[in-house]
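Peer 1: For reference, the structure I am asking about is given below.
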Amino acid sequence: MSEDLALRPKKQAVDVFDRIVRGYYGQFKSDKSYPLSYIQGSIPIDNINWLETASEAFRSHNLDFEELIQRDINKKRVREIVDTYLKKGEERVLFFPPLLASVVAVNDDGLVNQYERVDEVVDEDSVKITWGDDRFQLVVPRNTVATGHQMVADGQQCHTTPYWSVLRVNSQKIKLVIIDGQHRLQALKSLWNSSDSANRKVVKDLAIPVCVLFSPDAVKGTGTHESLSRDMRELFVRINSEGKKVSGHFITLLNDNRLSSYAVREFCNHAKSEEVGHGLNLLNTIEWNQREDRLASQINRPFSITTIQIIADVLKEHAFDPKGAGKTRYLLDLKAYRDELEGLEAAVQVGEISEESFSVSQVEVLQRLIKENVVPSLATLFFEPKVYQQRVSALGKAGDWLSGRIADAIEGAEYCKVAVLDQYRDANDLDPDSSRVMYKEFCDKVSEVAPLSIHFYNVFQQGLVRAWISICRALFDVGSEPQYIARALISSLNEVMSVEDPRFDSVNLYTQKLLFNGGKVLLHKRAKRNWKNLIIANLANKAVRKKFITSLGVSDDVDRIIGEKAEESLHEYLRELRKVIEDDYRKYWRDKELDEQVVQELEDLESSAAKGDEEAESRLDSIISEFSGSRHKEAERKLKAVFGI
């Protein structure tokens, strides 16, 4: 038996690195930036499935929102690349720029933000650097003479031959995720993975140019603030800002240089965690992945409540505005965290922190404060009002209906749920007809119960958020916290936050020319300010203000401050109303319901004024002011009557 044991082969070490990319190794680093390493090479079409888009690499339900936002693929672009480029190669040259792939570390819990460790081994022939024990390994040939290329490893300065480098990857712990060229990759895969031999033939001899990027210094225990996911977002934003623009939504979401971007990402992450039922969640009610700029600032789906662009814009301009020094402190109470924030490396002074003014070292603290103060406030403003709850309820009931369709094995139902709604996208003409029919029915179910109203317009929602921000500033010195102010505001105004309540409708005399022009919603900046003022003016009603005070549960000082703020907002609204009514009368007095005798007099005065008659001009102004003033008083009376002021 001992002879048998002696003859048995020794146990061989298993090579966990099952994927290899050969090419030129280099590193990109400025004097202050984190280093970014890369391998520039190619892979044969046979290995194209080594590369993945984020949507292939990760299931949406297993990701935080910050990871989810890098998944979106435009299927129409994929088809265009296949049909109008790859399949049209006869008598022409074809070429794709290198696909940019990021080394993404994963474990059972999702994405890894820093590698566990890094090991460097220098021997006679090569420099070997391994990240995370056995996640991936870089092998760079070593030379005994100067080659013009050097790198430091294991404390040694080594001459290298970088153009024979090898990146060895453990596919169980590393994914190669494309951050630029997703649509080119999907086009190549659609042909190579096709069951149609004619499609495979189109690409059978291709070697795909690829540049694999990784962050060598994002290692735990080294004192760095570097984050792999933040690096990936930065690359995505930079690449897609300088090249073909992806969309307003994605550029906003992936921008780590703006506080408003952190705020909407955290808000969406919160929404994703709030289940509506049947696998749907509140993130389904927020539009965050529109590709066209013209659609980014409006809701486009009947089950949506808001968009991330609406929220980001108002936070950027009115909460974190760099032009108003110190504004950020009102929502984040930065002075209370001065020591923590200013004690960090390269810290920006608390009084100077704003939308784009903060250091990387301060991000973690600022993100925590946003999560504690801004996110719960936004959740209250957009999920608690009656009109928005009605839409959430309608979404849940539509989910019930769709689940029934799936249980009955109705064609297109499961695809609609799994491939459309679970992917947070619209059905399009690349989806099966049956699923598009099902999606339309799903949308109709929501529309029937929760129709569109002014509360879903960009201009109103920005006015609502501005009202909350304005009240937060007013109550800052008495110590009221933003999330409780948001709750008190919605508690006191919930009656007007309803489709059935007509006080915000266009039929009202006091909303015309400020908020509406006839039945058309006014969308300019002044209208956003006017909505803010009208919303706050509601608090001039003592009963409404009492609800606010009761909800907030604080001192009489709040009653006085809010009362003054409401009167100030009412006064500003009525002043603007007087101005637009008078301007309207001056331009269109012929269209008003005036006596013929008055019309004739005005025509005569206008004619004389045009000839330089100053007395006629003064008389003309006086008459117009009289009629417009009368109209303004009527509008003011009606406003105060319906709001109980």
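The values are calculated or read from the model by the stated rules, or taken from the named source; none is laboratory data. Keep in mind that what you see is a predicted model, and the values were worked out from it rather than measured. Cβ: placed from backbone, ideal geometry, glycine included. Neighbour counts: every protein chain shown. Side chains are part of the model used for accessible areas, which takes the heavy atoms of the whole protein and leaves out ligands, DNA and RNA. Shrake-Rupley method; radii C 1.70, N 1.55, O 1.52, S 1.80 Å.
Peer 1: Would you mind finding the one in 368, 391 that is more than 20 Å from the chain's Cα centre (by Cα) and part of a helix (DSSP H, G or I)? Show your work before the answer.
Peer 2: Details: 368 fails: more than 20 Å from the chain's Cα centre (by Cα).
Just a single option satisfies the conditions, and that option is 391.
Quick grid of which residues meet (1) over 17 Å from residue 264 (Cα atoms); (2) open to solvent by less than 30 Å² (accessible area, probe 1.4 Å):
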residue	(1), (2)
286	no, yes
290	no, yes
307	no, yes
316	no, no
346	yes, no
354	no, yes
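Peer 1: Residue by residue through the stretch 479-504, note down the ones that are charged (D, E, K, R), surrounded by fewer than 18 Cβ atoms within 10 Å (Cβ to Cβ) and in contact with a helix residue (DSSP H, G or I) (Cβ under 7 Å, 6 or more places away or on another chain).
Peer 2: Restricting attention to the stretch 479-504, the residues satisfying the condition of being charged (D, E, K, R) are 481, 487, 495, 500-501, 503.
Still in the running and surrounded by fewer than 18 Cβ atoms within 10 Å (Cβ to Cβ): 495, 500-501, 503.
The answer is 503, and nothing else.
Quick grid of which residues meet (1) buried (at least 20 other Cβ atoms within 10 Å of the Cβ); (2) under 25 Å from residue 319 (Cβ atoms):
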site: 377; (1), (2): yes, yes
site: 402; (1), (2): yes, no
site: 410; (1), (2): no, no
site: 446; (1), (2): yes, no
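Peer 1: For the stretch 58-77, which positions are assigned to a helix (DSSP H, G or I) and either open to solvent by less than 20 Å² (accessible area, probe 1.4 Å) or modelled with pLDDT under 70 (or both)?
Peer 2: Restricting attention to the stretch 58-77, the residues satisfying the condition of being assigned to a helix (DSSP H, G or I) are 60-62, 65-68, 75-77.
If the condition is that a residue be assigned to a helix (DSSP H, G or I) and either open to solvent by less than 20 Å² (accessible area, probe 1.4 Å) or modelled with pLDDT under 70 (or both), then 60, 61, 62, 65, 66, 67, 68 are the ones that fit.
Peer 1: Please work out which one of (1) open to solvent by 90 Å² or more (accessible area, probe 1.4 Å); (2) at pLDDT 80 or above is the condition residue 12 fails and give its number.
Peer 2: (2)
Peer 1: Output yes when any residue across the stretch 392-400 is free of Cβ contacts under 8 Å to residues at least 40 places away in the same chain, touching a helix residue (DSSP H, G or I) at 6+ places or on another chain (Cβ under 7 Å) and farther than 30 Å from residue 330 by Cα, and no when none is. Reasoning before the result, please.
Peer 2: Taking the stretch 392-400 first, the residues free of Cβ contacts under 8 Å to residues at least 40 places away in the same chain are none.
No; the residues of the stretch 392-400 include none that is free of Cβ contacts under 8 Å to residues at least 40 places away in the same chain, touching a helix residue (DSSP H, G or I) at 6+ places or on another chain (Cβ under 7 Å) and farther than 30 Å from residue 330 by Cα.
Peer 1: Within the stretch 42-54, can you find the residues that are open to solvent by less than 20 Å² (accessible area, probe 1.4 Å) and in a strand (DSSP E or B)?
Peer 2: We begin by selecting, within the stretch 42-54, every residue open to solvent by less than 20 Å² (accessible area, probe 1.4 Å); these are 43, 45, 48, 51, 53-54.
Listed by number, the residues that qualify are 43, 51.
Peer 1: Taking the stated definitions as given, is residue 108 acidic (Asp, Glu) and either in contact with an Asp or Glu (Cβ under 7 Å, 6 or more places away or on another chain) or open to solvent by less than 60 Å² (accessible area, probe 1.4 Å) (or both)?
Peer 2: Values: acidic (Asp, Glu): yes; either in contact with an Asp or Glu (Cβ under 7 Å, 6 or more places away or on another chain) or open to solvent by less than 60 Å² (accessible area, probe 1.4 Å) (or both): no.
Against the criterion (acidic (Asp, Glu) and either in contact with an Asp or Glu (Cβ under 7 Å, 6 or more places away or on another chain) or open to solvent by less than 60 Å² (accessible area, probe 1.4 Å) (or both)), residue 108 does not qualify.
Peer 1: Within the stretch 310-368, which residues are over 28 Å from residue 524 (Cβ atoms) and hydroxyl-bearing (Ser, Thr, Tyr)?
Peer 2: Here is the first cut: in the stretch 310-368, the ones over 28 Å from residue 524 (Cβ atoms) are 329, 332-353, 357-368.
Residues satisfying the conditions are 337, 357, 359, 361.
Peer 1: For residue 439, state whether it is among the aromatic types (Phe, Trp, Tyr), open to solvent by 10 Å² or more (accessible area, probe 1.4 Å), in contact with a helix residue (DSSP H, G or I) (Cβ under 9 Å, 6 or more places away or on another chain) and without any contact (Cβ under 8 Å) to a residue 40 or more places away in the chain. Outline the logic, then answer.
Peer 2: Details: among the aromatic types (Phe, Trp, Tyr): yes; open to solvent by 10 Å² or more (accessible area, probe 1.4 Å): yes; in contact with a helix residue (DSSP H, G or I) (Cβ under 9 Å, 6 or more places away or on another chain): yes; without any contact (Cβ under 8 Å) to a residue 40 or more places away in the chain: yes.
It is true that residue 439 is among the aromatic types (Phe, Trp, Tyr), open to solvent by 10 Å² or more (accessible area, probe 1.4 Å), in contact with a helix residue (DSSP H, G or I) (Cβ under 9 Å, 6 or more places away or on another chain) and without any contact (Cβ under 8 Å) to a residue 40 or more places away in the chain.
Peer 1: Find all pairs meeting these conditions: Cβ atoms under 8 angstrom apart; at least six residues apart or on different chains; first residue within the stretch 338-360 and over 24 Å from residue 33 (Cβ atoms); second residue of a type in the set (Asp, Glu).
Peer 2: Final answer for the pair search is 350/342.
Peer 1: Now a separate question. Would you mind listing the helices (runs of 4 or more DSSP H) fully within the stretch 158-243 where at least 2 residues are among the aliphatic types (A, V, I, L, M) and open to solvent by 30 Å² or more (accessible area, probe 1.4 Å)? Explain how you work it out, then say what you get.
Peer 2: Working: elements: 182-192, 197-203, 228-242.
Where helices (runs of 4 or more DSSP H) fall fully within the stretch 158-243 and carry at least 2 residues being among the aliphatic types (A, V, I, L, M) and open to solvent by 30 Å² or more (accessible area, probe 1.4 Å), they are 197-203, 228-242.
Peer 1: Return the pairs, sorted by first residue and then second, in which the second residue is basic (Lys, Arg) and in a helix (DSSP H, G or I), the first residue lies in the stretch 505-531 and is open to solvent by less than 20 Å² (accessible area, probe 1.4 Å), the beta carbons are less than 6 Å apart, and the residues are 6+ apart or on different chains.
Peer 2: Final answer for the pair search is 510/638.
Peer 1: Since residue 457 meets every condition but one in (1) open to solvent by less than 20 Å² (accessible area, probe 1.4 Å); (2) at negative phi; (3) of a type in the set (Ser, Thr, Tyr), which condition does it not meet?
Peer 2: Every condition holds for residue 457 apart from (1).
Peer 1: Of everything in the stretch 571-589 that's more than 29 Å from residue 539 (Cα to Cα) and without any contact (Cβ under 8 Å) to a residue 12 or more places away in the chain, which residue is most open to solvent (accessible area, probe 1.4 Å)?
Peer 2: 587
Peer 1: While we're on this one: Quick one: which helices (runs of 4 or more DSSP H) sit completely within the stretch 282-362 and have at least 2 residues that are at pLDDT below 90?
Peer 2: Numbers: elements: 293-296, 308-314, 328-332, 338-342.
Those helices (runs of 4 or more DSSP H) span 293-296, 328-332.
Peer 1: Filter the stretch 590-611 for residues that are basic (Lys, Arg) and either buried (at least 17 other Cβ atoms within 10 Å of the Cβ) or within 28 Å of residue 511 (Cα to Cα) (or both) and give the result. Before the answer, list the steps.
Peer 2: To start, the set of residues in the stretch 590-611 that are basic (Lys, Arg) comprises 590, 592, 611.
Selection gives 590, 592.
Peer 1: Might you check whether a residue that is touching a Phe, Trp or Tyr at 6+ places or on another chain (Cβ under 6 Å), in a strand (DSSP E or B), over 16 Å from residue 21 (Cα atoms) and open to solvent by less than 10 Å² (accessible area, probe 1.4 Å) occurs anywhere in the stretch 135-148?
Peer 2: no
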